[in-house]
Structures are given as structure tokens and as C-alpha cells.
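Student: Dropping the structure in here first, questions after.
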């Protein structure tokens with residue numbers, strides 16, 4: 001036992017925890033939590049055995065701080081569910097753990113850096129959009145001419161479609177690239193990706209890899225706003241792919257994880273189905289956000305928060321009961337700006353073996369909202385329903401929206417709205 005009451009052999013270093021579920025899973029497995037972040041949120045302090053503020057951009061200082069807390073003894077595991085902290089998690093695992101498990105730094109960077117993802121997969125002959133990494137507007141214009149319009153401009157890292165735009169002209173490219181160069185976001189990698197726009201249905205694919213063997217947990221048909229910006233509107237299960245297509249996708253995902261180096265981990269991947277087959281758009285070495293975990297649990301029986309926690313600890317993931325054959329996730333978005341008003345509703349109980357519906361509005365009634373394609377707009381919550389048929393899902397969604405009675409009182413054009421209280425503006 002250390003001076004702070006931690007038993008290193010039963011302590012998990014959790015980087016940047018946000019949701020109570022992330023802490024509860026570790027507690028239920030019998031572990032203490034050393035929670036590290038640049039600034040621990042107040043609500044997370046109560047869930048942590050030891051909360052520790054640290055400069056998470058200085059990897060060596062974080063490793064030193066962990067050693068000081070644990071008396072220079074290895075922790076049981078290092079874990080994060082936060083996209084930007086995955087490389088740090090992998091680094092600490094390699095530096096601190098008594099035995100190697102989870103993600104390597106190389107695998108973490110292969111997924112975090114979109115240019116590196118595409119380069120590794122392309123070198124292995126796997127299907128990705130044509131792409132170029134550029135440093136300025138002039139380079140982006142040359143890349144677009146070579147690839148062919150329209151193209152997609154995006155940052156090298158990031159998640160939730162931040163900074164991603166489809167560009168159909170030179171002027172649109174100038175605006176998109178200049179915006180990323182001038183406001184790259186904290187800790188962003190240098191350079192901008194210009195890539196082929198792949199036209200076709202998009203799918204969110206969740207996988208679990210154990211000892212190099214990858215299985216599909218869930219495949220959701222993903223619906224986005226029309227370009228140029230990309231806002232996640234909804235996800236559906238079943239996804240509409242037939243048995244042969246799912247088998248092809250499963251084989252492709254196994255190859256992707258092998259090339260990128262994910263041997264005992266989970267992933268959340270975006271793919272598009274083009275005329276010549278599936279193309280890998282993004283690979284995230286983490287479980288999905290925005291309640292796609294709950295959808296995956298319901299349709300596969302595997303809780304990805306629990307599964308990745310167990311993998312980090314060197315434990316086998318559990319297979320639970322499948323609780324729904326159909327599920328739909330709908331983001332709460334608005335076509336116009338104004339003040340939102342709605343009725344609070346009581347959480348509904350599960351229907352028999354079905355998972356209960358999930359209803360989340362992330363701001364209080366009376367707060368401002370922006371249109372879905374505004375930089376300060378996006379997703380304001382979600383409704384997730386489960387059942388045994390599309391008709392059952394539609395009826396449940398209708399009941400929930402009638403009960404919520406979401407209404408936006410518009411504001412005059414040109415009026416600047418105050419900031420709302422959301423921590424994130426993205427779905428997944």
C-alpha cells in the first residue's frame with residue numbers, strides 16, 4: 001500500500017475519464033482508480049480514489065507522476081476512453097506495466113494519425129480513398145486537381161467530423177484549408193489531408209480483437225447531413241447489408257486491424273460502400289461514443305466499455321445476452337437557431353428483455369441552439385430505441401418526441417446567440 005492508500009497491483013491509471021460507467025466497470029472488477037487529466041472535472045473526483053492534475057501533453061512528466069503515486073511499482077493497467085489520450089495511454093502502458101498488453105504506441109499512432117492510417121493500409125493493398133498530405137492552400141489545390149473534385153479536406157487527427165468538409169471548388173478548398181491552418185485545435189498534428197470523396201452509404205463498424213482474431217460486434221447504417229459539412233444524424237440496425245457483404249466486411253476489418261497492429265483491443269471504424277467495394281474512411285482505436293456503446297451491447301451482447309477495460313487488464317471479455325434485433329439512434333439537431341423549449345420526461349422502463357429507450361437532451365430548456373451545420377451547432381442530444389421491427393422503433397420514437405415536445409423559438413437573423421452548456425458538439 002502506498003502513502004495515498006493505493007495498492008499498485010489493484011490500481012488502474014485512468015486518463016481523462018468522463019462518464020461514471022467508465023469508473024463503475026473498474027470498481028466492479030475490484031480495482032482502485034488513479035484518475036489523471038489536465039484538470040479533473042469536479043464530478044469525476046468523487047469516482048476516483050486519487051485524482052491527479054497533470055500536463056497530459058508531457059508524456060514523461062505523466063509517467064513520473066504515476067511512479068510517484070505508486071511508489072515506483074507498476075499499475076494493474078493503463079486505460080483511456082478519450083480519443084486524444086490514446087497514444088499517451090499506450091506510452092504509459094509500455095513504460096509502466098510489468099507485462100505488455102493493450103495497444104502499442106505504434107498501433108495507437110497508426111489510428112490517431114489519419115495520414116498514417118491511410119499510408120499503412122494503402123501500402124498493404126487495402127481499400128482507402130486516394131489521399132495527399134499537404135501543408136498549405138497551394139498544396140491542397142494541386143492535390144485536388146490530381147485526385148479530382150469533389151474532395152474531402154480534414155485534419156490529420158481529431159474525431160466526430162471536426163473540421164471535415166467536402167469541397168467542390170478551389171474557393172471551397174481555400175476556405176477549408178485556411179480554417180484548419182489558422183485554428184488547428186489543441187495538440188493537432190501538422191498538415192491537412194486532402195482525399196477522394198467516396199460516394200456511397202456509410203457504416204459505423206464496431207470490432208473486438210483478441211489475440212489477433214477480429215470479430216464484428218455491430219455494423220450500423222450511418223446517416224449524415226448533406227455535404228459540405230458532416231453531422232451524424234442517425235444510426236440503424238440492421239444495417240441493410242446482406243450476408244455476403246457482412247462476411248466481406250468482416251474479412252476486411254480483420255485485415256485492417258492486423259495491418260494497424262490492434263491485437264487485443266476494440267475499434268470504432270467508418271467505412272463507405274463504393275461501386276468497387278468497401279473503403280475504409282477512419283479507424284478509431286477506442287469504443288464509440290454517443291450511446292453507440294449501448295446500441296452495440298443490445299444487438300451483440302458485448303459491452304465495449306467492459307470489454308476494453310478487461311483487455312487492458314489482460315482479462316477475457318464477456319459475452320452477454322442479445323436484447324434487441326432492431327435499434328435506431330437519432331441525434332437531436334435543429335434546422336434553425338433560437339431558444340429551445342421542451343418538457344422533461346421520466347426515463348422509460350425496459351420492455352421485457354428489450355433494452356429501455358435512451359433519451360438525452362444535453363442542454364436545459366430555455367438555452368440557445370444553433371442550426372445543425374453551424375460551427376457552434378451540431379448535436380444537442382439523442383434518442384435511442386430498441387425493438388423487434390422497424391414499426392416498433394417508429395412507434396417508440398414518435399411517442400418520445402410527442403412527450404418531449406421540442407420547440408425552438410427563432411431569433412432574428414444576425415443576432416449572436418450566447419454559448420450553450422454542452423461539453424461536446426459531436427455525436428460519436
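Student: Within the range 1-54, can you find the residues that are without any contact (Cβ under 8 Å) to a residue 40 or more places away in the chain, buried (at least 16 other Cβ atoms within 10 Å of the Cβ) and in a loop (DSSP other than H, G, I, E, B)?
Tutor: Result: 40, 47, 48, 54.
Student: Sort out which residues of the range 364-404 are assigned to a helix (DSSP H, G or I) and in contact with a strand residue (DSSP E or B) (Cβ under 6 Å, 6 or more places away or on another chain), and write them in order of number.
Tutor: 393, 396, 397, 400
Student: Continuing with the same structure: Which numbered condition in (1) in contact with a strand residue (DSSP E or B) (Cβ under 7 Å, 6 or more places away or on another chain); (2) in contact (Cβ under 8 Å) with a residue 60 or more places away in the chain; (3) farther than 17 Å from residue 326 by Cα is the only one that residue 234 fails?
Tutor: Checking residue 234 against (1) in contact with a strand residue (DSSP E or B) (Cβ under 7 Å, 6 or more places away or on another chain); (2) in contact (Cβ under 8 Å) with a residue 60 or more places away in the chain; (3) farther than 17 Å from residue 326 by Cα, the one that fails is (3).
Student: From the list 88, 96, 103, which residue is crowded, with 19+ Cβ neighbours inside 10 Å, farther than 30 Å from residue 423 by Cα and in contact with a strand residue (DSSP E or B) (Cβ under 8 Å, 6 or more places away or on another chain)?
Tutor: So the residue among 88, 96, 103 that is crowded, with 19+ Cβ neighbours inside 10 Å, farther than 30 Å from residue 423 by Cα and in contact with a strand residue (DSSP E or B) (Cβ under 8 Å, 6 or more places away or on another chain) is 96.
Student: Follow-up question, since we're still on this one. So residue 126 clears everything in (1) within 25 Å of residue 307 (Cβ to Cβ); (2) without any contact (Cβ under 8 Å) to a residue 12 or more places away in the chain; (3) not in a helix (DSSP H, G or I) except one condition, right? Which one?
Tutor: (2)
Student: Can you spot a residue in the range 324-334 that is over 18 Å from the mean Cα position of the chain (by Cα) and over 18 Å from residue 220 (Cβ atoms)?
Tutor: For the range 324-334, residues over 18 Å from the mean Cα position of the chain (by Cα) and over 18 Å from residue 220 (Cβ atoms): present.
Student: For the range 63-72, give me each residue that is in contact (Cβ under 8 Å) with a residue 40 or more places away in the chain and crowded, with 16+ Cβ neighbours inside 10 Å.
Tutor: Within the range 63-72, 66, 69, 70 meet the criteria.
Student: Moving to a separate point now. Taking into account only those residues within the range 335-362 that are at pLDDT 95 or above and assigned to a loop (DSSP other than H, G, I, E, B), which is surrounded by the fewest Cβ atoms within 10 Å (Cβ to Cβ)?
Tutor: Here the residue is 343.
Student: Kindly check whether there is at least one residue in the range 170-186 that is at positive phi, assigned to a loop (DSSP other than H, G, I, E, B) and touching a helix residue (DSSP H, G or I) at 6+ places or on another chain (Cβ under 8 Å).
Tutor: Looking through the range 170-186, none of the residues is at positive phi, assigned to a loop (DSSP other than H, G, I, E, B) and touching a helix residue (DSSP H, G or I) at 6+ places or on another chain (Cβ under 8 Å).
Student: Within the range 85-102, can you find the residues that are modelled with pLDDT under 95 and in contact with a helix residue (DSSP H, G or I) (Cβ under 8 Å, 6 or more places away or on another chain)?
Tutor: 100, 101, 102, listed by residue number.
Student: Could we say that residue 302 is surrounded by 19 or more Cβ atoms within 10 Å (Cβ to Cβ) and out of contact with any strand residue (DSSP E or B) (no Cβ under 8 Å at 6 or more places or on another chain) here?
Tutor: For residue 302, the condition - surrounded by 19 or more Cβ atoms within 10 Å (Cβ to Cβ) and out of contact with any strand residue (DSSP E or B) (no Cβ under 8 Å at 6 or more places or on another chain) - is not met.
Student: Could you tell me whether residue 108 is assigned to a helix (DSSP H, G or I) and either in contact (Cβ under 8 Å) with a residue 40 or more places away in the chain or touching a helix residue (DSSP H, G or I) at 6+ places or on another chain (Cβ under 9 Å) (or both)? Let's see the steps before the verdict.
Tutor: Details: assigned to a helix (DSSP H, G or I): yes; either in contact (Cβ under 8 Å) with a residue 40 or more places away in the chain or touching a helix residue (DSSP H, G or I) at 6+ places or on another chain (Cβ under 9 Å) (or both): yes.
For residue 108, the condition - assigned to a helix (DSSP H, G or I) and either in contact (Cβ under 8 Å) with a residue 40 or more places away in the chain or touching a helix residue (DSSP H, G or I) at 6+ places or on another chain (Cβ under 9 Å) (or both) - is met.
Student: Sticking with this one: Within the range 203-226, can you find the residues that are surrounded by fewer than 19 Cβ atoms within 10 Å (Cβ to Cβ), touching a residue at least 12 places away in the same chain (Cβ under 8 Å) and over 26 Å from residue 310 (Cβ atoms)?
Tutor: Matches in the range 203-226: 221, 223, 224, 225.
Student: A follow-up question, please. Do you know which of the residues in the range 73-84 that are touching a strand residue (DSSP E or B) at 6+ places or on another chain (Cβ under 6 Å) and farther than 27 Å from residue 290 by Cβ is surrounded by the most Cβ atoms within 10 Å (Cβ to Cβ)?
Tutor: Among those residues, the one meeting the criterion is 75.
Student: Moving on to the next point. Just one of the numbered conditions (1) closer than 22 Å to residue 292 by Cβ; (2) surrounded by 19 or more Cβ atoms within 10 Å (Cβ to Cβ) is not true of residue 167; which one?
Tutor: (1)
Student: Let me ask you something else. Can you find, within the range 227-258, the residue that is nearest to residue 168 (Cα to Cα) among those that are crowded, with 18+ Cβ neighbours inside 10 Å and touching a helix residue (DSSP H, G or I) at 6+ places or on another chain (Cβ under 7 Å)?
Tutor: 235
The values are calculated or read from the model by the stated rules, or taken from the named source; none is laboratory data. This one's a predicted model, so the numbers in the text were calculated from it and none came from an experiment. Reconstructed Cβ throughout: ideal geometry from the backbone, glycine too, with neighbour counts over all protein chains shown.
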